[in-house]
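Just so it is clear, none of the values below were taken in a lab; they were calculated from the coordinates. Quick caveat: nothing in here was measured; it's all calculated off a predicted structure. Cβ sites come from the backbone with ideal geometry, for glycine too, and all protein chains shown count toward neighbours.
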Amino acid sequence: MKFTNTARRGVALVAAGTAGVLLLAGCSAGSLGSSGGGGGGGSAGATTITFLVDNADATVKSANAMIDAFKASNPEVTIKLDTRPGGTDGDNLVKTKLSTGEMAEVFAYNNGSLFQALKPTQNLVPLDDQPWAASGKLDKLFTDSTSVDGKVYGAPFGTAFGGGILYNKPVYQKLGLKVPKTWDEFMSNNDAIKKAGGIAPVEATYGDTWTSQLPVLADYANVEAAVPDFAAKYTANQAKYATTPAALAGFVHIQQLHDGGYFNKDFASAKFNDGLKDIASGKAAHYPQIGGVTSGLDALSNGKTNDVGLFAWPGQDASKNVLTGWSSGGLYIPKTVEGDKLDAAKKFITFAETQQGCDAFMKGSAPTGPFMTTDCKLPSDVTTVAKDTQAYFEAGNVSPALEFKSPIKGPNLEQICVQVGTGQVSGQKGAELYDADVKKQAQQLGLPGWD
Amino acid sequence: MASTLSTADATRLAPAQGVRSGGKKRPGPYPYWFLIVPGIIYFLFFAVPTFSSFYYSFTRWDLFTSKWIGLENYRTFFQEQALVIGLRNTLIYAVMTSGLKVVIGMALALLLTSKIIARGYLRSVIFFPVLVSAIGVGLTFTVLMNPERGLINQMLGAVGINGPGWLTNPNLAIFSVGLVDVWKGVGLATVIYIAGLVSIPSEYYEAAQVDGAGRWAVFRNIMLPLARPATASVITLSLIGGLRSFDLIWSMTRGGPGFASDVIASVIYKQYQAGFYGLSTAGSVVLFVLVTIIVVPLTRWLNRGDVT
């Protein structure tokens, strides 16, 4: 019990720390639109609502731009921006706020398995009656992962993206390499890059552990290509990572990359931002990542944003070269919101689903793939990563990530991937550990077949 | 808590030892109902959460609903791979930090009670790290210990030593964090020892001098045994702190790389983070029991010959 106190204090400290960082970030961001902190003229009957987003620079910029654009046409509603940490700390904060009834009127959050863990029917307002949710308007990738019993509970926030390998195009040109379609081609590219010297074939940034899991997550399109019903069987405790060769491959790949010495020298301590810098500058040739991260690339790329491209995670079969796709996240309203505030929250979300709202979003974050509503169009001058991603989407070569097909994701995947990537355990052992990790999540969710 | 000796603990502990000799019980001058207000606060904020946590440790709990599952959480917790590492690391960490604090704290106290220049200044310098927040210390040392760009390895590099990955080498990480913990907490141990050494009556030294005892003999036969209450305090406080240590480890390695520097507290916290609230509560109960099993007999033993 003494510990419980410590844990809480830990959360508070982390939160306080993040808030401090945010303050600093806010200062350096300088001229950005102020999100109306110190209340304006506040006429009688004005409604104030809060909009909660994660604290990534790009998200905060986008949210501020959306609030400003909304205010211009809706002066009677004041929206305050609130931020939360990303990752598991953020997940906890969202759950805690929901369970204590202190959630902001509108909040942005993931869909897929994380959305399911919020118990949407119990905690969120269904939004299927909203004009922007009319049939045919929203992409299936989004509605599938944001609905319960046919009712959609969220509105698209941002653009979709693919998960695969970010690569440096000038390095590929200089060494005369071709975009690989199979794992073997990819490894021979890595050999060529290693031989050329001076460039890290594969960037790993274990200083931010979440970045370690992409080789497993982005490989999922290949798993499904080989075992089409993997997600259903996996959810029902009938298929395992360790015993399904196509799924095991993700962990084995990490081991191969480590054993072959393909990682950058500082892989154990490098941070996510270092990874983005290295892939843009050409210090590294490949970076397993989600394309979504490139929305903040401009700030780090030193003008070389368009040197970075994206290709799908290479699998076993060149004829099935499919990109693992992530839907954009969602905007949600908690059930505790009522009356004027509920109207204001719905109004803001409706605005977010117009071209105007999407344009405002793009002021803060560069698009990383298509929008999930037909009401928003991408401009023509998008980044290379967004173009590469959209090409996969247009060709129909996208398959949703596992988190959209199954509610279970083991919480320790990132640590297990780090264990494999630093050579502490083998890929096979890593997959077994992950299967054990997944079991806890499935039991917590009370899924059938796991007790 | 990585600041294994908190000042509050120390001050609370010190008078308690003096009081013990009193012996006789007399009714206090104040009526018992004075206790009602603190009693209610204690009940609401300590007793209720403690006992409800025992209950929740037997359930699968997601903050919204809970389901009774008996001992399942404990079974899962003990099968956790990180727990085996965590148990080992917790013991290494607690023994290492409290051991070093005793030795270094005693040495510094000897130095700082002798007649040296700028004694008052040095005493405050030694104590200063205790006052800094553990998270701040953790973040600072994470930067200093960065294998490529950190100041420590750059300095080692300047004299031709290829410094290790202090926090990125799985075999080294827990020891690196432990050393930082000692750096941060040794000030308090020193202060306790200074108090212990200063309170030794000077007659003993004089008698020893008359008998012709050397410095080592004085230390071995007078200072060490008479500073025993101080040693007991330092060991108890830093061992409890070490067993429960969390914030320094979390801010420096988050239990990584992989699970290599996990301790029980961080394993529990990760379960909580993952939303396994019942499981993490069960872990807290395990930690509570473990600390009790180790610390209660140890304190008894350390204080057995406590004649003041």
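Quick look at the numbers
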item: Dipole magnitude (debye, nearest 20) for chain A, charges at Cβ of Lys, Arg, Asp, Glu; result: 540 debye
item: Theoretical FRET efficiency, 1/(1+(r/R0)^6), r = Cβ-Cβ of B:S66 and A:N306, R0 60 Å, to 0.05; result: 0.70
item: Percent antiparallel among DSSP beta bridges (both partners in chain A, rounded to 5); result: 60 percent
item: Estimated vicinal HN-Hα couplings, Hz - segment A:287-297 in sequence order (Karplus 6.51, -1.76, 1.60; Gly, Pro = x); result: 9, x, 7, 8, x, x, 5, 6, 5, x, 5
item: Positive-pole candidate from A:N302, A:L276, A:H286, dipole of segment A:258-319, charges at beta carbon; result: A:N302
item: Table column - 3J(HN,Hα) (Hz), segment B:138-151, Karplus curve with 6.51, -1.76, 1.60, x for Gly and Pro; result: x, 5, 4, 5, 4, 5, 5, 8, 4, x, 9, 10, x, 4
item: Dipole in debye (nearest 20) - chain B, about Cα centre, beta carbon charges: Lys, Arg +1; Asp, Glu -1; result: 540 debye
item: Radius, Kirkwood style, for the protein assembly as shown when every pair of distinct Cα atoms is counted (Å); result: 28.8 Å
item: Interchain or long-range residues, amide H under 5 Å from A:L81's placed H; result: A:F51
item: Residue (of B:G120, A:P367, B:N171) at the positive-pole extreme of the protein assembly as shown, dipole from beta-carbon charges; result: B:G120
item: Ranked A:F393, B:F77, criterion: other C-beta atoms within 10 Å, fewest first; result: A:F393, B:F77
item: Three-way shape call for segment B:241-289 based on the alpha-carbon gyration tensor, with the a/c threshold at 1.5; result: oblate
item: Cut-off of 10 Å, at most 14 other beta carbons, DSSP loop: longest stretch of chain A lacking such GluC sites (Glu not before Pro); result: A:103-337
item: Low-density loop cleavage sites - trypsin sites (Lys or Arg not before Pro) in segment A:135-201, where at most 13 other Cβ are within 10 Å (DSSP); result: A:K178
item: Fewest-first sequence of B:I69, B:I161, A:I79 by Cβ atoms within 10 Å of each Cβ; result: B:I161, B:I69, A:I79
item: Average other protein chain Cβ within 10 Å of Cβ, residues A:260-271; result: 3
item: Contour minus Cα-Cα distance for A:D298 and A:S99 (0.36 nm per residue); result: 67.9 nm
item: Amide hydrogen neighbours beyond the local backbone of A:D54, cut-off 5 Å, H modeled; result: A:R84
item: A:G154 long-range amide H proximity, modeled H, under 5 Å; result: A:L127
item: Fraction of beta bridges assigned by DSSP in the protein assembly as shown that are antiparallel (%, nearest 5); result: 60 percent
item: Protection-proxy order for peptides B:174-182, B:139-147, B:221-229, each taking the mean of Cβ atoms within 10 Å per residue, highest first; result: B:174-182, B:139-147, B:221-229
item: Within 10 Å of each Cβ in B:54-60, the average number of Cβ atoms from other chains; result: 1
item: Mean separation of Cα contacts under 8 Å (6+ apart) over length of chain A, as relative contact order %; result: 25 percent
item: Per-residue Cβ neighbour rank within 10 angstrom, fewest leading, A:L81, A:L248; result: A:L81, A:L248
item: Cβ-placed point charges (K, R +1; D, E -1), dipole of segment A:314-451 about Cα centre in debye, nearest 20; result: 100 debye
item: Trypsin sites (Lys or Arg not before Pro) restricted to segment A:76-113 and DSSP loop, no more than 10 other C-beta within 10 Å; result: none
